[in-house]
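Structure first, commentary second.
The values are calculated or read from the model by the stated rules, or taken from the named source; none is laboratory data. Note that the structure is predicted; figures quoted are calculated from it, not measured. All Cβ positions, glycine included, derive from the backbone under ideal geometry; neighbour counts span all protein chains shown. Accessible surface areas use protein heavy atoms only, side chains included; no ligands, DNA or RNA. Shrake-Rupley method; radii C 1.70, N 1.55, O 1.52, S 1.80 Å.
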Amino acid sequence: MDEFSHVLARVQAGDPVGRALAELADRTPLETFARFAQGVAISLERGTPLAAVLRAQAKDVREAAQRELMETAGKREIYMLVPVVFCILPLVVIYAIFPAIAVLRIGP
């Protein structure tokens, strides 16, 4: 919130909005927020429709979040296989083989 206050103060002091947003993009450590500020600044400087720029950026952020979620799910999938392989699968094998061994011992 302080960053927006700083940008607003710069604009009220007479700096162009595009320059204030570009400097905001340089100061912020968040990549997505920096891209937002740069996109708005470039849109204002070139006179392109702001709505189209914001839609494109929203789509990029959604795709990045989905990509990150898929990567996390891929890592968690391997962790979920550990209990299946070392706990459940051996019990299933024991329950499947034990009756066969018992029948073989009873047989002729």
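Summing charges over neighbours of L24, with a neighbour being any other residue whose Cβ is under 15 Å away from its Cβ, gives -3 when K and R count +1 and D and E count -1. Cβ-Cβ distance of T32 and L81, R₀ of 30 Å, FRET efficiency by 1/(1 + (r/R0)^6): the value works out to about 0.40. Probing with 1.4 Å while keeping every protein chain in the model, the per residue accessible area of the chain equals 82 Å².
Rounded to the nearest whole Hz, the Karplus-based 3J(HN,Hα) values (6.51 cos²θ - 1.76 cosθ + 1.60, θ = phi - 60°) of region 91-105 follow the sequence 5, 5, 5, 5, 5, 7, 8, 4, x, 5, 5, 5, 5, 5, 6, with x at glycine and proline.
Compute the relative contact order of the chain as a whole-number percentage, counting only Cα pairs closer than 8 Å that sit 6 or more residues apart in sequence.
Details: 46 pairs, mean separation 15.3, N = 108.
Value for the chain: 14 percent.
Classify the chain: rounded, prolate or oblate, from the alpha-carbon gyration tensor (a ≥ b ≥ c, eigenvalue square roots; a/c under 1.5 rounded; otherwise prolate if a/b is larger than b/c)? Prolate shape, in that a/c is at least 1.5 and a/b is the bigger ratio. Counting only protein heavy atoms and a probe of 1.4 Å, the accessible surface of the chain is 67% carbon and sulfur. Placing unit charges on the Cβ atoms of the charged side chains and taking the dipole of the chain about its Cα centre, the candidate lying farthest along the positive direction among L89, L21, A51 is L89. Accessible area of I42 (1.4 Å probe, protein heavy atoms only, ligands and nucleic acids ignored): about 80 Å².
Rounded to the nearest Hz, the phi-derived 3J(HN,Hα) couplings of region 44-53 under the Karplus curve 6.51 cos²θ - 1.76 cosθ + 1.60 (θ = phi - 60°) are 5, 5, 8, x, 7, x, 5, 4, 5, 5, where x marks glycine and proline.
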